[in-house]
Amino acid sequence: MPHASRAGSCTFMPFFTFMPFFALGGGHSPLSDENLHKVAQRHRATAIPVAIAWGLARSPSIVQIPGTGSLSHLAENMAAGALVLDEADMALLGRR
């Protein structure tokens, strides 16, 4: 197993970097609430699984680790795995 070292909030390993990122909060969300809700309505979903699906669709290198405080929250998070965002969804949400 590669040796991991910590620097600030990042963990560095050869070929891997792990950095916590909260896409839906902290005042720096790249997702527009209005567009997120438009896409959620099109998929008959809530905003949370759409945001998770958006992160998954952005890159195969991104691992989503959503917070889960209840069984209903877990079910909502897992619904993201069934969502397939098309080009129109991604254009609306942004690719960053």
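What number goes with the only condition from (1) within 16 Å of R95 (Cβ to Cβ); (2) modelled with pLDDT under 90; (3) not in a loop (DSSP other than H, G, I, E, B) that P60 does not pass?
Going through (1) within 16 Å of R95 (Cβ to Cβ); (2) modelled with pLDDT under 90; (3) not in a loop (DSSP other than H, G, I, E, B) one by one, P60 breaks only (3).
Which one of G67, G55, G26 is open to solvent by less than 100 Å² (accessible area, probe 1.4 Å), at pLDDT below 90 and not in a loop (DSSP other than H, G, I, E, B)?
Exactly one of G67, G55, G26 is open to solvent by less than 100 Å² (accessible area, probe 1.4 Å), at pLDDT below 90 and not in a loop (DSSP other than H, G, I, E, B), namely G55.
The values are calculated or read from the model by the stated rules, or taken from the named source; none is laboratory data. Every value quoted in this text rests on a predicted model; they were computed, and no experiment measured them. Cβ atoms come from the backbone with ideal geometry, glycine included; neighbour counts cover every protein chain shown. What goes into the accessible areas is simple: the full protein's heavy atoms, side chains included, and nothing from ligands, DNA or RNA. Shrake-Rupley method; radii C 1.70, N 1.55, O 1.52, S 1.80 Å.
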